[in-house]
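J.: Pasting a structure below so you can have a look.
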Amino acid sequence: MIKKIITSTIGLVLGICVIGMSESYAAEQIGTITTSSLNVRSGSSVYYRVVGNLGIGNKVTILGSNNGWYKVKAPNNNIGWASSKYIKVGESNSVTNTTYENNINKNLKVVATAYTGYGITSTGQKPVWGTIAVDPRVIPYGTKVYIPCFNQVFIANNTGGAIKGNKIDIYMNNNNQCNNWGRKTIDIQILK
């Protein structure tokens, strides 16, 4: 009888320790795509259908893993599976969000439209992921802009004829990403 009580107590203590340990590692991790085109699938192998595509530099939230695949939440909030070979895991989500809190100059709500293509921006640069087109009267060229839904800092380096006031265009790597994003009203943070 005493042996059963001791065994049960040890089992209960180990169970509590395991639960406590799993919660301590529950912080979401941020990953960066390291290849020009990464398929996101409905399951954790190449035999599942492709549900999206990410480009180099895209940031994703790592939600879990299985046999060399990460369950990811993409910048457009879609969830799927991608090969861990092409995702560099960095800091936790909570650390990244607090990194910018002390550097916020201004919060804005903007209408954000996705665009892609080749050419040169109005500042003479090639548009790449991580750059945005802005109304320079609202957000001056060269300004660092933190976009929480991407968990990434962008640089304002372009403008367009339709960008007036609180509107931005976010450069995407391909038409598929542009179509997935479309146009959204989002919050952004102008950094110091």
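The values are calculated or read from the model by the stated rules, or taken from the named source; none is laboratory data. Values in this document were obtained by computation on a predicted structure and should not be read as measured data. Quick reminder, even Gly has a Cβ in these numbers, built from the backbone with ideal geometry, and neighbours come from all protein chains shown.
J.: Which ones in the range 25-44 are modelled with pLDDT under 90 and in a loop (DSSP other than H, G, I, E, B)?
T.: Tyr25, Ala26, Ala27, Glu28, Thr34, Thr35, Ser36, Ser37
Conditions tested, residue by residue: (1) modelled with pLDDT of 90 or more; (2) surrounded by 10 or more Cβ atoms within 10 Å (Cβ to Cβ).
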position: Glu23; (1), (2): no, no
position: Leu54; (1), (2): no, yes
position: Trp81; (1), (2): yes, yes
position: Val95; (1), (2): no, yes
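J.: Right, next: Return the only residue of Pro75, Pro136, Pro140 being modelled with pLDDT under 90 and at negative phi.
T.: Working: Pro136 fails: modelled with pLDDT under 90; Pro140 fails: modelled with pLDDT under 90.
Going through Pro75, Pro136, Pro140 in turn, the sole match is Pro75.
J.: Here is a follow-up. Being surrounded by 11 or more Cβ atoms within 10 Å (Cβ to Cβ) and either in a loop (DSSP other than H, G, I, E, B) or basic (Lys, Arg) (or both) is the filter here, so list the residues in the range 102-127 that pass it.
T.: The answer is Asn103, Lys106, Thr116, Thr121, Ser122, Thr123, Gln125, Lys126, Pro127.
J.: Inside the range 142-153, can you point out the residues that are among the aromatic types (Phe, Trp, Tyr) and either surrounded by fewer than 19 Cβ atoms within 10 Å (Cβ to Cβ) or farther than 15 Å from Asn107 by Cβ (or both)? Outline the logic, then answer.
T.: Applying the first criterion (among the aromatic types (Phe, Trp, Tyr)) to the range 142-153 yields 146, 150.
Across the range 142-153, the qualifying residue is only Phe150.
J.: With respect to Asp169, is the statement that it is at pLDDT 90 or above, surrounded by fewer than 18 Cβ atoms within 10 Å (Cβ to Cβ), in contact with a strand residue (DSSP E or B) (Cβ under 6 Å, 6 or more places away or on another chain) and part of a strand (DSSP E or B) true?
T.: Details: at pLDDT 90 or above: yes; surrounded by fewer than 18 Cβ atoms within 10 Å (Cβ to Cβ): no; in contact with a strand residue (DSSP E or B) (Cβ under 6 Å, 6 or more places away or on another chain): yes; part of a strand (DSSP E or B): yes.
For Asp169, the condition - at pLDDT 90 or above, surrounded by fewer than 18 Cβ atoms within 10 Å (Cβ to Cβ), in contact with a strand residue (DSSP E or B) (Cβ under 6 Å, 6 or more places away or on another chain) and part of a strand (DSSP E or B) - is not met.
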